[in-house]
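These notes are about the structure you will find just below.
We did not get these values from a lab; they are worked out from the coordinates using the rules stated. A quick note: this is a predicted structure, and the numbers were derived from the prediction, not measured. Counting neighbours? That spans all protein chains shown, and the Cβs are built from the backbone with ideal geometry, glycine included.
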Amino acid sequence: MATNTLPRTGQISARRTTVFMKLLMALSGALFVFYVLLHMYGNLKIFAGVEAFDEYAYHLRTILTPILPFGGFLWLFRALLVVALVAHAWSAFYLWSKAQGARKTRYVAKQAAKRTLKTKWMRWGGVALLLFLVWHLLQFTILKFNVGPDAVGDSPGKLVISSFQVWWVVLIYLLALVALGLHLYHGVWSATQTLGWAGGVRSRRNAKATATVIALVTSIGFALPPLAILFGFVKGN
Amino acid sequence: MNLTLKIWRQAGPRAQGEMVTYPVTDISEDMSFLEMLDVLNEQLNARGEEPIAFDSDCREGICGMCGLMISGQAHGPEVTTTCQLHMRSFKDGDEITVEPWRADAFPVIKDLVVDRSSFDRIIQAGGFISANTGSAPEAHSVPVPKPKADRSFMAAACIGCGACVAACPNASGMLFMGAKITHLGELPQGQPERDARVVSMVSTHDHEGFGGCTNVGACADACPKEIPLDVINQLNKDLRRALMHGE
C-alpha cells in the first residue's frame, strides 16, 4: 500500500483554522449579547413615559462628555458594533460554505437530516435577523420614518409609540424576536462550548440554563413595549 | 423476519450510484446486521449478481472498521457499532435504508465502503507523542492522577469508525479529533506537544474538507463508544490556549 501523503498548502497557524473562526464568532456574539440586554433594558423606559424615554435617548449622547464630543461615545460604540457584525457575519458565511462543501452527496433517509434543523435555524435565522436589522435601523435610526398615525416631531419616544400602534409593525418585531430568541439560545450555549467553558456535565447544564434565561429575558423584555403600546397600556400623551 | 432493504450501490469511486431495493426473507432476530447482509450476499452470489461491498473486521465492536448509515442513523438505532447491532432491534416487515457514510472527506470506494484515510492523516498530523523507542520506562516514575487517567481512558475509547462525521450536519470530524486531544492532553506525556498537536490536527482536519462544528451534538449521540461532547469543548480550549501561546 502506498504511503499517505498530503501536500501542505499555506502556513499552519491557529489563526487559519475553523476553530479560530468559531472563536471570532463567539466573541463578537458575546458583545451582541451584552448589547441586546442593554438595549432591551433601555426600551423598558417607555413604561416611565415619553419624557423619561427621550431623556434616556439624550443621555446616551452625553456619556463621557465633555471628554468626548456630544454623541461621541455613541458613535464609538456603533463603530465597535459594526466591526463585530462584520466579524460575526464573515465567520458565519465562511463556516456555512465550508459545511456546504463537506457533504455534497446528501443522505436519502430523511432522519439523518433531522438534526440539521438547529443548524438551519441558526443560519437562516441569522440571515433573517440581518434583514430585520436593516429595516429596524432605517425605521428608528437612519431615516426615522413614521408609519403610525400620530405626529411625532423630534421625540424618539413618540416615534416608538406611534410606530407600534400599527399591528403589522408589531408582527414584524414579534417574528424577529422569535428568531432572536432561538439565535440567542443556541448562540450563547455554543459560545460557552467554543470558548471551552462547558467541559463537564454540570458546566454544560449551567451553560444551557444561562442560554435559556438570556434568550427568554431578552425576547420577552423586547416584546413588552410593542405589545403594551399596541393594546393601549402605554399612550403617547 | 422478512425485510425490505434499500441499499446504495456504486460500482466504483467515480461511478454513478443509486439506491437498489432488495427483499430478504427468513432473517433470524439473533443475527447481527452484518450477518443479515452476509445472507443477502450469499443469495446475490447464487444468482450470479455482484455482492454488496461493506467494511467489517473484528465483528465484536472494538475495531471501528464497520459503519453504515441505517435508516438515517449512524450504526442504526442502538448505541453500538453496526456489527453489534442485532436484527431484534427491527420489526418484521420493516423497510431499512442502508447508505455509506456521507462526507466529501470520506469518498465512497464501492457500494457501502468509504475511504477514511483522512482520519489517518489527522492522526499523523499530531495524534501521537514523540518518544524514543527502547525498553519501556517504569510506569510509576510519572504519576498520573486517577481522574485524569480516567478521562484520558474514556477519550481513548474512540475506535475511529467515523460515525461522528456521518451523523454531523456539517460532516465535521471534531468529536474524533477532540477525543484524541483529550486522550493525550490529560496525560503528562502529552504536554510537550500539546499546542502543536491541536493546531496541526485541526489544520489537517480543515484541509481534508471536513466542516466546522456548530455544537449540535449529533456526533456524541451517534458515537458507539459514548464519547461526550465535552471533548470538543477541550479541543476548542486547547486551540485557544495554543493561540495565546503564539502557535
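Positive end of the dipole of the protein assembly as shown (Cβ unit charges, origin at the Cα centre): among A:Thr18, B:Gly246, A:Val147, the Cα lying farthest that way belongs to A:Val147. Based on alpha-carbon atoms, the Kirkwood radius and the radius of gyration of the protein assembly as shown give Rg/Rh equal to 1.07. Which of the three applies to segment B:1-102, rounded, prolate or oblate, going by the alpha-carbon gyration tensor with a ≥ b ≥ c and a/c under 1.5 meaning rounded? Rounded, because the longest to shortest axis ratio a/c is under 1.5.
Ordering A:Ile161, A:Leu85, A:Thr105 by the projection of their Cα atoms onto the charge dipole of chain A, which places +1 on the Cβ of Lys and Arg and -1 on the Cβ of Asp and Glu, puts A:Thr105 at the extreme positive end. Put in line by how crowded their Cβ is, counting other Cβ atoms within 10 Å and starting with the fewest, A:Ile142, A:Ile214 read A:Ile142, A:Ile214. If the reach is capped at under 20 angstrom between alpha carbons, list the aspartates and glutamates near B:Lys148, excluding any in the same chain fewer than eight residues apart. Hits, sequence-local ones excluded: B:Glu138, B:Glu186, B:Glu193, B:Asp195, B:Glu226, B:Asp230, B:Asp238. To the nearest ten degrees, helix A:201-230 and the longest principal axis of the Cα atoms of chain A are 30 degrees apart.
Rounded to the nearest 20 debye, the dipole magnitude of segment A:115-237 is 720 debye, with +1 charges on Lys and Arg beta carbons, -1 on Asp and Glu beta carbons, and the Cα centre as origin.
Sorted ascending by nearby beta carbons within 10 Å, beginning with the fewest, B:Cys168, B:Cys63 become B:Cys63, B:Cys168. Phi angles across segment B:232-244 convert, under the Karplus curve 6.51 cos²θ - 1.76 cosθ + 1.60 with θ = phi - 60°, into 3J(HN,Hα) values of 6, 4, 4, 4, 4, 5, 5, 5, 4, 5, 4, 4, 6 Hz, Gly and Pro given as x.
Amide H to amide H, with H built 1.01 Å from N, B:Val114 comes under 5 Å of B:Ile109, counting only residues 5 or more places away or on other chains.
If you build a Gaussian network model of chain B, linking Cα atoms that sit under 10 Å apart, which residue out of B:Ala149, B:Ala53, B:Ala171 swings the most? Of B:Ala149, B:Ala53, B:Ala171, the Gaussian network model singles out B:Ala149 as fluctuating most. Residues considered: B:Gly173, B:Gly190, B:Gly162. Largest GNM mean-square fluctuation over chain B, using C-alpha springs under 10 Å, is found at B:Gly190.
With contributions of -39500 (n - 2.57) from each DSSP H run of at least four residues, the per-residue ellipticity at 222 nm computed over chain B stands at -10500 deg cm²/dmol.
Taking every pair of Cα atoms in chain A, average 1/r, invert it to obtain the Kirkwood radius, and report Rg/Rh to two decimals. My calculation puts Rg/Rh at 1.05. Here the extension length gained between B:Asp94 and B:Arg241 equals 47.9 nm, from 0.36 nm per residue of separation less the Cα-Cα distance.
Multiplying the residue separation of B:Asp120 and B:Asn132 by 0.36 nm and subtracting their alpha-carbon distance yields 2.2 nm. Here the dipole of segment B:3-110 is about 380 debye; that uses its Cα centre as origin and unit charges on the Cβ of Lys and Arg (positive) and Asp and Glu (negative). Sequence-distant contacts, meaning Cα pairs under 8 Å at least 6 residues apart, place the relative contact order of chain A at 27 percent. Per-residue ellipticity at 222 nm from helix content only, as computed over chain A with -39500 (n - 2.57) for each DSSP H run of at least four residues, stands at -23000 deg cm²/dmol.
In order along segment B:46-54, the Karplus-derived 3J(HN,Hα) couplings, from 6.51 cos²θ - 1.76 cosθ + 1.60 at θ = phi - 60°, round to 4, 8, x, 8, 5, x, 7, 7, 8 Hz, and Gly and Pro are given as x. Take chain A, connect every pair of alpha-carbon atoms lying under 10 Å apart with a spring to form a Gaussian network, then pick out the residue of A:Val201, A:Val147, A:Val19 with the largest mean-square fluctuation. Greatest mean-square fluctuation among the candidates belongs to A:Val201. Between 0 and 90 degrees, the angle of helix B:174-185 with respect to the longest Cα principal axis of chain B falls at about 40 degrees.
Rounded to the nearest 10 degrees, the angle from helix A:50-60 to the longest Cα principal axis of chain A is 50 degrees. How large is the dipole of chain A about the Cα centre if only Lys and Arg carry +1 and Asp and Glu carry -1, each at its Cβ, rounded to the nearest 20 debye? So the magnitude is around 1740 debye.
Scalar couplings 3J(HN,Hα) for segment B:215-231, obtained by applying the Karplus form with A = 6.51, B = -1.76, C = 1.60 to θ = phi - 60°, are 6, 7, x, 5, 4, 5, 5, 7, 5, x, 9, 6, 6, x, 4, 5, 5 Hz; x denotes Gly and Pro. Cβ crowding within 10 Å, taken as a proxy for footprinting-reagent exposure, orders A:Trp124, A:Trp189, B:Trp101 from fewest neighbours to most as A:Trp124, A:Trp189, B:Trp101.
When each of the peptides B:90-97, B:37-44 is scored by the mean number of other C-beta atoms lying within 10 Å of its residues, the order from highest to lowest reads B:37-44, B:90-97.
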